[in-house]
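Asks: Sending over a structure as structure tokens; questions will come in a sec.
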Amino acid sequence: MNSIERLESEVRGYCRDFPAMFDRAQGAWLYDEQGNAWLDFFAGAGALNYGHNPAPLKQALLDYLARDGVAHSLDMFSVAKREFLERFQRVILAPRGLEYKVQFTGPTGTNAVEAALKLARKVTGREHILSFTNSFHGMTLGSLAVTGNGFKRRGAGVSLHDVTPMPFDGYLGRDVNTLDYLEAVLDDEGSGVDKPAAVILETVQAEGGVNVAGFEWLKRLAALLKRHGVLLIVDDIQVGCGRTGPFFSFEPAGLKPDIVCLSKSLSGYGVPLAVVLMKPEHDVWAPGEHNGTFRGHNPAFVTAAAALQFWENDALARDTARKAGHVASRLKDLLNHTGMAAAWRGRGLIQGLAFEDAALAGRIAAACVERKLIIETAGVQNDVLKLLPSLTIRDAELDQGLDIIQTCVRDVLDRKARAAA
Ligand code: PLP
């Protein structure tokens with residue numbers, strides 16, 4: 001038992017899956033204290049889309065610290081904030097025709113979700129929110145109320161209310177369009193579902209098992225909500241910032257959500273930063289009505305502004321689409337060659353293999369970790385092997401990880417077959 005295991009709460013999680021004492025990291029690699037290299041197909045659960053310690057971001061941060069740039073300033077004006085906001089407007093919002101005001105919440109994803117829910121309730125004067133089955137929005141009470149996972153929900157220790165879960169795309173099988181139900185509920189005064197302030201949505205449910213909403217489904221959802229005067233909140237915390245290819249995951253569906261939550265890879269460096277984007281007409285906050293000590297942290301503004309250089313052109317988005325095609329074809333080949341009872345899921349560089357026998361996903365992930373590939377499972381049953389490499393990973397590194405997955409899938413299936421014989 002090391003001193004962390006002795007001293008840190010039992011609540012610790014990832015260190016149980018990845019048993020190494022990590023010390024340095026660069027690009028797609030983590031290095032443990034003994035100097036062993038671990039290939040990272042987890043990317044800080046989506047916080048490291050540009051890899052570990054990307055050089056231009058590191059330099060910007062080092063320069064800022066070296067000149068005694070102000071580190072902490074609550075939400076006072078700061079040069080670092082001004083530069084981030086101006087660049088975000090120029091590089092991300094304006095070219096996409098998106099008109100949003102930016103709110104800096106506390107620096108984690110769940111802080112942004114809490115603020116978004118509060119804002120939607122304030123804008124509409126309604127309490128009720130619709131969420132989706134298998135959604136994941138964070139660990140504070142408001143976020144837990146819109147999260148599906150029963151284990152996490154029970155951890156709240158209090159009742160979670162004012163939310164009704166609706167079936168996500170595909171929840172009732174391929175042949176059922178779940179929006180028929182949502183539409184019926186909203187149209188029917190007798191449905192028993194109070195008119196909601198908002199619907200909160202992940203376009204790709206990441207923690208919930210890499211469940212992908214179709215573009216047509218997304219379009220119909222947005223139109224339906226518009227017709228009913230219900231706000232659309234897109235939680236792009238895990239699959240925004242280029243994870244699916246474009247900067248925002250909802251771009252290809254042509255959505256313009258009322259409210260968007262971003263965090264994780266927004267700072268680009270693993271430094272905590274979160275925002276809520278809101279249409280200007282929804283900016284009904286009174287000054288200081290929602291505050292926090294670490295709202296917008298200047299070192300994070302510096303790396304976030306530097307990260308926007310990845311979005312000055314479409315090179316990264318195109319490269320992500322190319323790599324995503326490669327990963328998908330290798331995973332589908334693996335499915336075809338092994339004939340295993342699993343299904344491929346994904347969009348961009350979030351992809352997964354969903355196993356009928358849930359235990360297999362965990363065994364394969366553990367076998368990968370033994371070979372020093374960091375990879376996790378997702379889904380409430382941990383039945384999905386989830387691939388989340390950095391977007392900037394080199395082709396050879398991507399293939400190295402895919403080779404390890406292929407070997408481990410074969411090993412685990414062989415072992416299962418031998419045990420059954
Ligand atoms: N929303 C989504 C979609 C997430 O994936 C997560 C975390 O995984 C969160 C919210 C919560 O973010 P945080 O853990 O930073 O509070």
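Asks: Output the number of the condition that Tyr64 fails; it satisfies all remaining conditions of (1) part of a strand (DSSP E or B); (2) of a type in the set (Phe, Trp, Tyr); (3) touching a residue at least 40 places away in the same chain (Cβ under 8 Å).
Replies: (1)
Asks: For region 42-61, enumerate the residues that are away from the ligand (no atom under 16 Å from the Cβ) and part of a loop (DSSP other than H, G, I, E, B). Write out each step before concluding.
Replies: So the first thing to find is which residues in region 42-61 are away from the ligand (no atom under 16 Å from the Cβ), and the list is 50-61.
Of everything in region 42-61, those that are away from the ligand (no atom under 16 Å from the Cβ) and part of a loop (DSSP other than H, G, I, E, B) turn out to be Tyr50, Gly51, Asn53, Pro54.
Asks: I've got another one for you. List the helices (runs of 4 or more DSSP H) that sit entirely inside region 313-421 and contain at least 3 residues that are in contact (Cβ under 8 Å) with a residue 12 or more places away in the chain, under 22 Å from Thr244 (Cβ atoms) and touching a strand residue (DSSP E or B) at 6+ places or on another chain (Cβ under 6 Å). Talk me through it step by step, then tell me what you get.
Replies: Working: elements: 315-338, 358-370, 395-420.
Ranges flagged: 315-338.
Asks: Filter region 95-119 down to the residues that are within 21 Å of the chain's Cα centre (by Cα) and among the small types (Gly, Ala, Ser), then identify the one that is farthest from Ser73 (Cα to Cα).
Replies: The extreme case among them is Ala116.
Asks: Would you pick out the residues in region 227-246 that are in a loop (DSSP other than H, G, I, E, B) and within 16 Å of the ligand (Cβ to nearest atom)? Spell out the reasoning first.
Replies: First, the residues of region 227-246 that are in a loop (DSSP other than H, G, I, E, B): 229-230, 236-246.
Within region 227-246, Asp236, Ile237, Gln238, Val239, Gly240, Cys241, Gly242, Arg243, Thr244 qualify.
Asks: State yes or no: is Val185 touching a strand residue (DSSP E or B) at 6+ places or on another chain (Cβ under 8 Å), outside any loop (DSSP other than H, G, I, E, B) and either in contact (Cβ under 8 Å) with a residue 40 or more places away in the chain or away from the ligand (no atom under 15 Å from the Cβ) (or both)?
Replies: Working: touching a strand residue (DSSP E or B) at 6+ places or on another chain (Cβ under 8 Å): yes; outside any loop (DSSP other than H, G, I, E, B): yes; either in contact (Cβ under 8 Å) with a residue 40 or more places away in the chain or away from the ligand (no atom under 15 Å from the Cβ) (or both): yes.
Taking the combined requirement at face value, the residue satisfies it.
Asks: Search region 122-139 for residues that are within 17 Å of Asn111 (Cβ to Cβ) and among the basic types (Lys, Arg) and pair each with any residue that is modelled with pLDDT of 95 or more and more than 11 Å from the ligand (Cβ to nearest atom) when their beta-carbon atoms are under 9 Å apart and the residues are at least 6 apart or on different chains.
Replies: Correct list of pairs: Lys122/Ala197; Lys122/His282; Lys122/Val284; Lys122/Trp285; Lys122/Glu289.
Asks: A follow-up question, please. Which residue out of Leu255, Leu224 is at pLDDT 95 or above and not in a helix (DSSP H, G or I)? Let's see the steps before the verdict.
Replies: Working: Leu224 fails: not in a helix (DSSP H, G or I).
Among Leu255, Leu224, only Leu255 is at pLDDT 95 or above and not in a helix (DSSP H, G or I).
Asks: Which one is nearest to His72 (Cα to Cα) among residues in region 295-341 that are at pLDDT below 95 and crowded, with 16+ Cβ neighbours inside 10 Å?
Replies: Looking at the filtered set, the residue picked out is His297.
Asks: Could you check Phe310 against (1) more than 12 Å from the ligand (Cβ to nearest atom); (2) under 25 Å from Gly125 (Cβ atoms) and say which number it fails?
Replies: Status for Phe310: all satisfied but (2).
Asks: I would also like to ask the following. Scan region 196-213 and tell me whether some residue there is closer than 21 Å to Ile92 by Cβ and more than 15 Å from the ligand (Cβ to nearest atom).
Replies: No, there is no match, as no residue in region 196-213 is closer than 21 Å to Ile92 by Cβ and more than 15 Å from the ligand (Cβ to nearest atom).
Asks: So for region 1-24 (the condition being without any contact (Cβ under 8 Å) to a residue 12 or more places away in the chain, in a strand (DSSP E or B) and among the charged types (D, E, K, R)), does at least one residue qualify?
Replies: yes
Asks: Kindly indicate whether Gly292 is over 17 Å from the mean Cα position of the chain (by Cα), surrounded by 24 or more Cβ atoms within 10 Å (Cβ to Cβ) and assigned to a loop (DSSP other than H, G, I, E, B). Please lay out each step first, then the result.
Replies: Numbers: over 17 Å from the mean Cα position of the chain (by Cα): yes; surrounded by 24 or more Cβ atoms within 10 Å (Cβ to Cβ): no; assigned to a loop (DSSP other than H, G, I, E, B): yes.
No.
Asks: Let me ask something additional. Is region 274-292 home to any residue that is within 22 Å of His52 (Cβ to Cβ) and touching a helix residue (DSSP H, G or I) at 6+ places or on another chain (Cβ under 7 Å)?
Replies: Going through region 274-292, the residues within 22 Å of His52 (Cβ to Cβ) turn out to be 274.
With the extra rule that they be touching a helix residue (DSSP H, G or I) at 6+ places or on another chain (Cβ under 7 Å), the set shrinks to 274.
So far as region 274-292 goes, yes, one or more of its residues are within 22 Å of His52 (Cβ to Cβ) and touching a helix residue (DSSP H, G or I) at 6+ places or on another chain (Cβ under 7 Å).
The values are calculated or read from the model by the stated rules, or taken from the named source; none is laboratory data. As the structure is a prediction and not an experimental result, all values here were calculated from the model. All Cβ positions, glycine included, derive from the backbone under ideal geometry; neighbour counts span all protein chains shown.
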